[in-house]
Amino acid sequence: MSKNAEDLATQIRAAAGDAPVQVGLILGSGLGHIADEVDGVAIPYGDLPGFPHAGVSGHNPNLVVGDLEGVRVAVFGGRAHYYESGRGDAMRLPLEVLKTLGADTVIATNAAGSMRPDMPTGSIMCLSDHINFSGLNPLIGEPTDARFVPMKDAYDPQIRAGLRAAADAADVDMADGVYAWYSGPSFETPAEIKAIAMLGADAVGMSTVPEVILARFLGLKAAAISTITNMAAGMSDEAISHEHTKAMAPIGAAKLEKVLRGYLRSIA
Ligand code: HPA
């Protein structure tokens, strides 16, 4: 692990205590309020050298370490996106820190557009797999053979089963599907959406995929859930804008939170 990550982990332990973290949660646009429900310590990214500046509105740039449903979690209230810096590995340091703090799992959340009429705005979708349409990779430049990361079952089947059981127990309708990563920040064209839907993608967004690749590289188990904030471009007359994303995210967020809490309870 990088010295920077070790140093940051030492700083975080000094502020939040030494108990090892079990699970990292990365919160997407409009999903930040879960961080407020953690019984723990919030550290602004600005106090953590090398952490992203998380300059996207709708994100809450704190790391919160503490207890949620009996599990020690580290909640990343803001993420760095490729489109902010042109760096695909912008989340590498936070994930290295998570691993150094003892976590074995990271669960990412995001806002996404849907290509499936049966998965309208307000739905949530558990990622079964992804398609990297950006052509970018956060491991480009990594010099070791560890860069050749297998990506079969990148979305951990056991965690997915646990999330599914939590959704069923809470009576939350949660779809399963394939997430396509476009770099953003412009939204996709209707032609792009038509193309990726034909190729097997169910939802589209601008995040998560680089984090899951990095997580697997670091030996963390990964899972991810999307909240559908709009039908993807050309699929309906619904508005597509960041404002709309932020306004619609709370509908799915309430469901997502039930699933996450139920899952954490099941592993506590
Ligand atoms: N496309 C890409 N990213 C998104 C979308 C979308 O339609 N909705 C929310 N995030």
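The values are calculated or read from the model by the stated rules, or taken from the named source; none is laboratory data. The shown structure was predicted, so the numbers you read here are calculated from the model rather than taken from an experiment. Because the Cβ atoms are built from the backbone with ideal geometry, glycine has one as well, and the counts that use them run over all protein chains shown. With ligands, DNA and RNA removed, areas are computed over all heavy atoms of the protein, side chains included. Shrake-Rupley method; radii C 1.70, N 1.55, O 1.52, S 1.80 Å.
Observations
- Residue 164-residue 194 pseudo-label distance in nm [points 7 Å out on the Cα-to-Cβ vector]: 3.4 nm
- Surface analysis of the chain yields an accessible area of 40 Å² per residue, using protein heavy atoms and a 1.4 Å probe.
- The slack in the chain from residue 53 to residue 268, taken as 0.36 nm per residue of separation less the alpha-carbon distance, amounts to 74.2 nm.
- Crossing angle, helix 157-169 versus the chain [Cα axis fit, 0-90 degrees, rounded to tens]: 70 degrees
- Under the Debye formula (equal points on every Cα, no solvent term), log10 I(q)/I(0) of segment 212-261 at q = 0.21, 0.32 Å⁻¹: -0.82, -1.10
- Charge dipole (debye, nearest 20) of segment 1-90; +1 at Cβ of Lys and Arg, -1 at Cβ of Asp and Glu: 260 debye
- Once the Cα atoms are used to define both axes, helix 3-16 deviates from the longest principal axis of the chain by about 80 degrees.
- A simple packing score, the average count of other Cβ atoms within 10 Å per residue, orders the peptides 144-150, 18-24, 43-49 as 18-24, 43-49, 144-150, with the highest score first.
- Axis angle, to the nearest 10 degrees, between helix 242-267 and the longest C-alpha principal axis of the chain: 60 degrees.
- Placing R0 at 30 angstrom, the Cβ-Cβ distance between residue 176 and residue 11 gives a FRET efficiency of 0.20 after rounding to 0.05.
- Computed magnitude of the charge dipole of the chain (debye, nearest 20; Cβ of K, R +1, Cβ of D, E -1): 320 debye
- Computed over the chain, Cα set: Rg, Dmax in Å: 17.2, 51
- One chain, two ends: residue 147 and residue 33. Fully extended at 0.36 nm per residue, the span grows by 37.6 nm beyond their Cα-Cα distance.
- Share of carbon and sulfur in the accessible heavy-atom surface of the chain [1.4 Å probe, %]: 53 percent
- Lysines with Cα under 20 Å of residue 221, excluding same-chain neighbours fewer than 8 positions away: 99, 152
- Förster-model FRET efficiency, 25 Å R0, residue 132 and residue 247, C-beta, rounded to 0.05: 0.30
- Mean-position separation - Cα centroids, segment 233-268 and segment 108-170, in angstrom: 15 Å
- Taking label points 7 Å from Cα along the Cα-to-Cβ direction, residue 41 and residue 18 give a separation of 1.3 nm.
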